[in-house]
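We did not get these values from a lab; they are worked out from the coordinates using the rules stated. Predicted, not measured: the structure shown is a model, and the values here were computed from it. Note: ideal-geometry Cβ built from the backbone for every residue, glycine included; neighbour counts use all protein chains shown.
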Amino acid sequence: MRTTSVFSKNIKAFNRRDRFIINQGGARSSKTFSILQIFLLAAQKAVAPRLFSVVSETFPHLKKGAIRDFIGILEEDGLYNQKMHNKTDNSFSIKSLDGKHTSVIEFFSADSGDKVRGPQRDYLFINECNNLSYETFYQLSIRTSSVVFLDYNPVASFWVHEDLIPSLTSEEYEFIQSTYRNNEFLGANQIKDIERRAAIDPNFKRVYADGEIGNLEGLIYNNYKIVDFMPPTDKRFIGVDFGFTNDPTVIIDVRISDGEFYLDQACYETGMFNADIARMIKSIDGYKSLRVLCDGGDPKTIQDLRRMGINAEGAPKGADSIVNGITFNQSMPANITRRSVETIKEFRNYKWSVDKSGKALNIPIDNWNHSMDAWRYASTGFKTIIPTQRARYSFGS
């Protein structure tokens, strides 16, 4: 098992049985991976059956993050097999090294009310706990007999800083701050990606590169919520933002129902060839009757998609098209499906640029904008079918 310095700090606190082990860190610092490694080792060394719970905001978030990481840890150590993985309960049975006991590491989302307020567990890990309420944390914590791990990117101050830490004595918790520099196994290209973004976005640098508490001021979209389903409607378009190596290709199913936007992320992947893009669009129910509005800067790709049976076209561009598109999208509340993990993250980070004095400019930052651009392209279609829509709603700022 390959471990980082972040693992070493966490395992020391775990062996002391500190009640709360708080991991504040930037992107790719190995905090989540390290905690999952500790859960595996603790299950293997358990002297009696133990229950370990890993909890995050939604199950799609878990599936793309912690569950994928945990399977990777098992596979790297040659431990994974289908029998140990209960895909119905989203749990893993881990035998102790002496073969006498079997512990369970379970994964569930914070919107599973019966499990949040369910039976007692031995150990708890709340992944990206800043996306959960204090009440959810409290209900999970009081049902945990031993150690509680928390990790998060410090997008802004929240209940860990404002409520939890002030209520604890120094003996009750360990605070571990980490950055990508603490991950000794991070690849050179991943380091370059982080440092490239940090060089042009001060808040990204503070939060995701340096692991310091960021600032939520200047967010472009504030009026949104997470939902389970997309409503049926004839006001519907598909938006596509092209990418390949560093930037993802994003495909968003965008609808308007009862005066509100609904967004469902169908794709957020790098390395997508045109045939892959066409395949993902064709997986969207009803795609044949839908206009697919794309980044007009790549007409060759658009023509290729059309040859493959996609109703692709370039979204109209022009002076102030970005700001005008944002203004239109601000004019109605937005709803994002739970499975749209990366799109939700963009909503939480998409901000206006600022000048050297910190004054907000009427220009969005050139980060966290892939889903936002795909949504904006799709919205150019709504302007043609509901030209009076904007007059019915007040604009955000």
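Can you count the Lys pairs in segment 224-392 whose Cα atoms are under 17 Å apart, with each pair 8 or more apart or on different chains?
Here the count comes out as 6.
Residue by residue, what Karplus-based ³J(HN,Hα) values in Hz, rounded to whole numbers, does segment 281-288 have, using 6.51, -1.76 and 1.60 with θ = phi - 60° and x for Gly and Pro?
5, 5, 7, 7, 4, x, 4, 4
GNM on the chain, C-alpha springs below 10 Å: top fluctuator among Gln190, Gln120, Gln82?
Evaluated over the chain, the most mobile residue of the options is Gln82.
Give the distance, in whole Å, between the Cα centre of segment 264-280 and the Cα centre of segment 1-65.
Here the two parts' Cα centres lie 32 Å apart.
From the helices alone, meaning DSSP H stretches of at least four residues, give me the mean residue ellipticity at 222 nm for the chain, per-run term -39500 (n - 2.57), in deg cm²/dmol to the nearest 500.
Helix-only estimate at 222 nm: -9000 deg cm²/dmol.
Assuming 0.36 nm per residue, please report the length gained on full extension of the stretch Arg196 to Met84 beyond their Cα-Cα distance.
Gain on stretching Arg196 to Met84: 36.3 nm.
Post the alpha-carbon centroid distance, segment 134-196 to segment 206-226, in whole angstrom.
Going from one Cα centre to the other spans 16 Å.
When only DSSP loop residues count, what chymotrypsin sites (Phe, Trp or Tyr not before Pro) in segment 202-232 have their Cβ near at most 15 other Cβ atoms within 10 Å?
When the chymotrypsin sites (Phe, Trp or Tyr not before Pro) of segment 202-232 are filtered for loop state and at most 15 Cβ neighbours within 10 Å, Phe229 remain.
Describe numerically, in nm with one decimal, the distance between label points set 7 Å from Cα along Cα→Cβ at Asn223 and at Asp247.
Distance between the two pseudo-spin positions: 2.8 nm.
In terms of the Cα gyration tensor, with a ≥ b ≥ c the square roots of its eigenvalues, is segment 5-196 rounded because a/c is under 1.5, prolate because a/b exceeds b/c, or oblate?
Rounded.
Identify the trypsin sites (Lys or Arg not before Pro) of segment 89-158 meeting these criteria: DSSP loop state and at most 15 other C-beta atoms within 10 Å of the C-beta.
For trypsin sites (Lys or Arg not before Pro) across segment 89-158 that sit outside H, G, I, E and B with at most 15 neighbouring Cβ atoms in 10 Å, the list reads Lys100, Arg117.
Could you pull out the trypsin sites (Lys or Arg not before Pro) across segment 293-373 that fall in loop regions by DSSP (anything but H, G, I, E, B) with no more than 11 other Cβ atoms inside 10 Å?
Here the trypsin sites (Lys or Arg not before Pro) that fit, given the DSSP loop and packing criteria, are Lys356, Lys359.
Pulled fully out, how much extra length does the chain show between Ser321 and Asp285, if you take 0.36 nm times their separation in residues and subtract their Cα-Cα distance?
This chain segment gains 10.0 nm when fully extended.
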